Amino acid sequence: MRKNIVAGNWKMNNDLSQTEALISDLKHQKNRGNAEVMIAPAFTNLYSAFNALKDTSIEVTAQNMHFAKNGAYTGEVSASMIKSVGIQTVILGHSERRAYFGETDLILKQKVDAALAADLRVVFCFGEELADRNAGNQEVVVASQIKNALFHLDKLVFKNIVLAYEPVWAIGTGETASPQQAQNMHKFIRKTLNDKYGKDVSENMSILYGGSVKPNNAQEIFSKPDVDGGLIGGAALNAEDFFAIVNAF
Ligand code: PGA
């Protein structure tokens, strides 16, 4: 059975004291327990966040990593560095990484391989831009993003992968995909997985939706059969809003 997951992507927000304050607020929230909860603070705050949350059910994840094991890559962070502070999951392929930092499918394929080799779980993000959707190309684009970065993998490793469909036009814009648009795409993603790897992979894969999920729309989006959770940006920066979304399951 696939899991429901709600992950908060803090992006480049919150310094150390703000991270500590938000975590303290998160600890006061009640989780009804129908979804796994993750938060992804900035690299500098992973260690303190991990320690602050290690006896709770909130998992701390990284937002990115480099694919090399170590070496002359100024400013980068490796899988083993992330693991060494207790982190077990990394988000890869976020549209901001693709758009602002030039991350291509090929780079992401290498990152996915490096993360899985280091025994990190991967939340793999992808999604079409507005022009793709307006041209009716959203399924072609999404299928190629998934195939290019993941379809060289053995089916056994998919238990360590979570997918996050994030239409670029819905991220941080206040414009959400309609619950039906999300469902249609998630169903298509599951079928794409099924065609390549069979039901073992497709039916057990958690597919999250991301893009302007808020307390007032989460329940309807999460009620769709192929939507197994959310990757939350803006609304994850407020503990009450974030847990209102977690408890929408
Ligand atoms: P948003 O961001 O919820 O602020 O739209 C989602 C994301 O980028 O993961």
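Residue-wise test of (1) open to solvent by less than 70 Å² (accessible area, probe 1.4 Å); (2) of a type in the set (A, V, I, L, M); (3) touching a residue at least 60 places away in the same chain (Cβ under 8 Å); (4) within 24 Å of GLY210 (Cα to Cα).
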site: LEU16; (1), (2), (3), (4): no, yes, no, no
site: PRO41; (1), (2), (3), (4): yes, no, no, yes
site: LYS69; (1), (2), (3), (4): no, no, no, no
site: ALA72; (1), (2), (3), (4): no, yes, no, no
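Taking region 218-249 as the search range and keeping residues that are of a type in the set (A, V, I, L, M, F, W, C) and assigned to a loop (DSSP other than H, G, I, E, B), which one is nearest to ALA182 (Cα to Cα)?
So, considering only residues that are of a type in the set (A, V, I, L, M, F, W, C) and assigned to a loop (DSSP other than H, G, I, E, B), the one nearest to ALA182 (Cα to Cα) is VAL227.
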Looking at SER206, is it of a type in the set (S, T, N, Q), within 14 Å of the chain's Cα centre (by Cα), surrounded by fewer than 22 Cβ atoms within 10 Å (Cβ to Cβ) and within 17 Å of GLY230 (Cβ to Cβ)?
yes
I'd like the full set of residues that are at pLDDT below 90 and away from the ligand (no atom under 16 Å from the Cβ), limited to region 176-191.
none
Could you tell me which numbered condition GLY86 fails, if it satisfies all but one of (1) of a type outside the set (D, E, K, R); (2) in contact with a helix residue (DSSP H, G or I) (Cβ under 9 Å, 6 or more places away or on another chain); (3) not in a loop (DSSP other than H, G, I, E, B)?
(3)
Considering LYS147, LYS109, which residue is surrounded by fewer than 17 Cβ atoms within 10 Å (Cβ to Cβ) and closer than 23 Å to SER202 by Cβ?
LYS147
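Quick one: would you say PRO215 is at pLDDT 95 or above, more than 11 Å from the ligand (Cβ to nearest atom), in a loop (DSSP other than H, G, I, E, B) and closer than 30 Å to SER17 by Cβ? Step through it out loud before you land on a result.
Working: at pLDDT 95 or above: yes; more than 11 Å from the ligand (Cβ to nearest atom): yes; in a loop (DSSP other than H, G, I, E, B): yes; closer than 30 Å to SER17 by Cβ: yes.
Spelling it out, PRO215 is indeed at pLDDT 95 or above, more than 11 Å from the ligand (Cβ to nearest atom), in a loop (DSSP other than H, G, I, E, B) and closer than 30 Å to SER17 by Cβ.
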Identify, by number, the condition in (1) over 25 Å from THR89 (Cα atoms); (2) touching a residue at least 24 places away in the same chain (Cβ under 8 Å) that ASN137 doesn't meet.
(2)
Lone unmet requirement of (1) more than 16 Å from the ligand (Cβ to nearest atom); (2) at negative phi for PHE242
(1)
For region 147-156, which residues satisfy the criterion of being outside any loop (DSSP other than H, G, I, E, B) and farther than 23 Å from ALA182 by Cβ?
LYS155, LEU156
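Residues are listed down the side, and each one gets a yes or a no for (1) part of a loop (DSSP other than H, G, I, E, B); (2) touching a residue at least 24 places away in the same chain (Cβ under 8 Å); (3) away from the ligand (no atom under 13 Å from the Cβ):
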{"position": "GLU128", "(1), (2), (3)": "yes, yes, yes"}
{"position": "VAL141", "(1), (2), (3)": "no, no, yes"}
{"position": "PHE158", "(1), (2), (3)": "no, yes, yes"}
{"position": "ALA164", "(1), (2), (3)": "no, yes, no"}
{"position": "GLY174", "(1), (2), (3)": "yes, yes, no"}
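The values are calculated or read from the model by the stated rules, or taken from the named source; none is laboratory data. Nothing here was measured: the structure is a model prediction, and the numbers come from that model. Counting neighbours? That spans all protein chains shown, and the Cβs are built from the backbone with ideal geometry, glycine included. In case anyone asks, the SASA skips ligands and DNA or RNA and just uses the protein heavy atoms, side chains included. Shrake-Rupley method; radii C 1.70, N 1.55, O 1.52, S 1.80 Å.
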